[in-house]
1. In the range 23-38, what count of residues is obtained for those that are closer than 30 Å to V103 by Cβ and under 14 Å from the mean Cα position of the chain (by Cα)?
2. For the range 16-59: of the residues being farther than 11 Å from Y94 by Cβ and among the β-branched types (V, I, T), which is surrounded by the fewest Cβ atoms within 10 Å (Cβ to Cβ)?
3. State all residues of the range 58-117 that are charged (D, E, K, R), free of Cβ contacts under 8 Å to residues at least 24 places away in the same chain and in a strand (DSSP E or B); if no residue qualifies, say none.
4. Among the residues of the range 72-89, write down those that are among the aliphatic types (A, V, I, L, M) and modelled with pLDDT of 95 or more.
5. When A49 is evaluated against the numbered criteria (1) in a strand (DSSP E or B); (2) of a type outside the set (D, E, K, R); (3) touching a Ser or Thr at 6+ places or on another chain (Cβ under 7 Å); (4) touching a residue at least 60 places away in the same chain (Cβ under 8 Å), which criterion, by number, is the only one it fails?
6. List the number of the failed condition for T77; all other conditions in (1) within 12 Å of the chain's Cα centre (by Cα); (2) open to solvent by 60 Å² or more (accessible area, probe 1.4 Å) hold.
7. Would you mind telling me which numbered condition in (1) open to solvent by less than 50 Å² (accessible area, probe 1.4 Å); (2) over 14 Å from E88 (Cα atoms) V12 fails?
Amino acid sequence: QVQLVESGGGLVQAGGSLRLSCEASGSRFTINRMAWYRQAPGRQRDLVASITPGGTSNYADSVKGRFTISGDNAKNTVYLQMNILKPEDTDVYYCNAAVAELVAGVWRYLEVWGQGTQVTVSS
C-alpha cells in the first residue's frame, strides 16, 4: 500500500511563507505525477499545483508567481513553497499522487491521497 505523509502546515501572517512536504512510501511503486490540492469549508477540493518526475509543473492561476512546486525523485518527495501568503490561501492542503504499484508481477495504477495539513493565514 502506497502512503503519503504530509508536513509543514501551520499558522502564518499575510505575506509570510510556508513550505509543505509530502513523502510517498511503499514496497514497489513508481510515481507518474504528484500534486497539491486544497479545500476550505463549503468549497470543493481544487488543484493548486502539479509536477511530473521530469519536472513539468503547472499551477492554478490564483497561486502563479507565489507558489513553487518541486520534487526530489530519489526521496519520492514533493514540496510546495508558498510565498506571499494571503488569507484566502487558508485551507486544508492535500497531497495527491498518481502511482503505479507492482503487485504479483502486475502494475496497478491508482491515485493516493495524503491526510491533509492545515494552512492558516491571518490578516
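1. 9
2. T56
3. D72, R108, E111
4. V78, L80, M82, I84, L85
5. Here A49 clears every test but (4).
6. Of (1) within 12 Å of the chain's Cα centre (by Cα); (2) open to solvent by 60 Å² or more (accessible area, probe 1.4 Å), only one is false for T77: (2).
7. (2)
A quick yes/no check of all residues on (1) under 22 Å from S122 (Cα atoms); (2) out of contact with any Leu (no Cβ under 6 Å at 6 or more places or on another chain):
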| residue | (1), (2) |
| --- | --- |
| Q3 | no, yes |
| G15 | yes, yes |
| C22 | no, no |
| S27 | no, yes |
| R33 | no, yes |
| Y37 | yes, no |
| P41 | yes, yes |
| D46 | yes, yes |
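The values are calculated or read from the model by the stated rules, or taken from the named source; none is laboratory data. These numbers were taken from a predicted model, which means no experiment stands behind them. Neighbour counts are summed over all protein chains in view; Cβ atoms, including those assigned to glycine, are modelled from backbone coordinates with ideal geometry. Heavy atoms of the whole protein, side chains included, go into the accessibility calculation; ligands, DNA and RNA do not. Shrake-Rupley method; radii C 1.70, N 1.55, O 1.52, S 1.80 Å.
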